[in-house]
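To keep things clear, I will list the structure first and then write my remarks on it.
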Amino acid sequence: MGDYEFAKLVKERSNGKITIEVYHSKQLGEEKAVIEQVQLGAIDFTRVSLAPVASFDAKFNALQMPFLL
């Protein structure tokens, strides 16, 4: 998975000074709850899909619109 490769590269390129722990399969909660934890500082960063992000800022809904010709 890309998450594990990212964690490996960060550790290598920082000479072990930075480590990233990967939690998968909603171990930290649903996406919306994880975003809230990032806002509160409980989680440093996350990778989530766009739909839950749009519930925090409606501008992101424009990116979810189907491609129009």
Please go through the stretch 34-50 and give me each residue that is open to solvent by less than 60 Å² (accessible area, probe 1.4 Å) and either more than 23 Å from Phe6 (Cα to Cα) or over 13 Å from the mean Cα position of the chain (by Cα) (or both), ordered by number. Gly41
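Could you grab me the full set of residues in the stretch 2-29 that are touching a residue at least 12 places away in the same chain (Cβ under 8 Å) and of a type in the set (D, E, K, R)? Reasoning before the result, please.
Let us first name the residues in the stretch 2-29 that are touching a residue at least 12 places away in the same chain (Cβ under 8 Å), namely 3-4, 6-7, 19-22, 24, 28.
Asp3, Glu21 - these are the residues of the stretch 2-29 that are touching a residue at least 12 places away in the same chain (Cβ under 8 Å) and of a type in the set (D, E, K, R).
The values are calculated or read from the model by the stated rules, or taken from the named source; none is laboratory data. All values derive from a computational prediction rather than experimental measurement. Here the Cβ is made from the backbone with ideal geometry for all residues, glycine too, and neighbour counts use every protein chain on show. Surface accessibility is based on the protein's heavy atoms, side chains included, excluding ligands, DNA and RNA. Shrake-Rupley method; radii C 1.70, N 1.55, O 1.52, S 1.80 Å.
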